[in-house]
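Input: a single structure, listed below in structure tokens.
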Amino acid sequence: RIRLLIKILECLPPQISKHMVGVAVNAVLKKYAKIQVEGYENIESAEKPIIFISNHLSNADGLVLNKVLEKEDATFVSGVKLSNNSFTRLGVLAVKTTPIIPNSPDKDGIKKIVGILKSGNSIVVFPEGTRSRNGSMIQAKSGILLLQRLSKATVIPIGLSGTEMLMPINDENMGKEKFHQAVVTVKIGEPIQVPNKEKEETKKEYEERVLNQLMISIAALLPEKYRGVYGRYID
């Protein structure tokens, strides 16, 4: 049924199919998710465009953040594999996305993302590159550093908790993931000042330091049990 629905939606004009899926997603979120947002004022006072960075717990993350960041009209950076699954293809129809090939030097994907930022539009990135299987943060990929360096965009961290209960991961069949009643908390942090490279630092040392700073800024917004590998840096 989902495949048939997708085929029908994809035959419709993009604006109509996006609107229809958006209405359905909003209804589902209203039914299942109690979304609590803190720190939105940090966005309102920030220089645009913005790279929003968040921890990643569930396939519902994009739907929730798209709702929270509705005024920002942000584009989500998503792995190309999301288009291969019937369920997640519905999500892609509901959320503005730009694809990238994970774990590869996807020059075309990076060029498009940087172009979005340089045109003044914001993006959302999940630097860990995949959903955490235990709710705790995992080591981030360094691609976020390249996007910030090329675009000079403002970086704002978001700490997300509760979506792992809203839509738990099903590793055997992603298409069978279902919504459940859950309280979801979205904490938006202050803009991060990306430091300059020190003279004595190697490029690798500098990138590790900056990446840690970005991810620690997310971890600091989360309850302790979600902080994972970055928890040891927070008092």
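Considering only region 133-161, state which residues are at positive phi and in contact (Cβ under 8 Å) with a residue 40 or more places away in the chain.
Answer for region 133-161, where residues must be at positive phi and in contact (Cβ under 8 Å) with a residue 40 or more places away in the chain: just G135.
Would you check which residues across region 128-157 are under 12 Å from the mean Cα position of the chain (by Cα) and more than 17 Å from P195 (Cβ to Cβ) and list them?
Scanning region 128-157 gives E128, G129, T130, R131.
Go through region 24-75 residue by residue and tally those that are part of a strand (DSSP E or B), crowded, with 22+ Cβ neighbours inside 10 Å and under 16 Å from the mean Cα position of the chain (by Cα).
Residues meeting the conditions: 5.
Identify the single condition in (1) open to solvent by 70 Å² or more (accessible area, probe 1.4 Å); (2) over 28 Å from I35 (Cα atoms); (3) among the charged types (D, E, K, R) that E201 does not satisfy, given that it satisfies every other one.
(1)
Consider E207 carefully, then state whether it is open to solvent by 50 Å² or more (accessible area, probe 1.4 Å) and at negative phi.
yes
For the structure I just gave you, tell me whether L147 is buried (at least 17 other Cβ atoms within 10 Å of the Cβ) and modelled with pLDDT of 90 or more.
When the stated conditions are applied, L147 passes them.
Can you report the number of residues in region 154-176 which are part of a loop (DSSP other than H, G, I, E, B) and open to solvent by 30 Å² or more (accessible area, probe 1.4 Å)?
Total satisfying the criteria: 6.
So in region 129-144, with the set limited to residues that are out of contact with any Pro (no Cβ under 9 Å at 6 or more places or on another chain) and open to solvent by less than 30 Å² (accessible area, probe 1.4 Å), which one is nearest to N55 (Cα to Cα)?
Looking at residues that are out of contact with any Pro (no Cβ under 9 Å at 6 or more places or on another chain) and open to solvent by less than 30 Å² (accessible area, probe 1.4 Å), I get M137.
The values are calculated or read from the model by the stated rules, or taken from the named source; none is laboratory data. Computed from a prediction, not measured in an experiment: that's the story for all the values here. No Cβ is skipped: glycine too gets one built from the backbone with ideal geometry, and neighbour counts run over all protein chains shown. Keep in mind that these areas ignore ligands, DNA and RNA; they rest on the heavy atoms of the full protein, side chains included. Shrake-Rupley method; radii C 1.70, N 1.55, O 1.52, S 1.80 Å.
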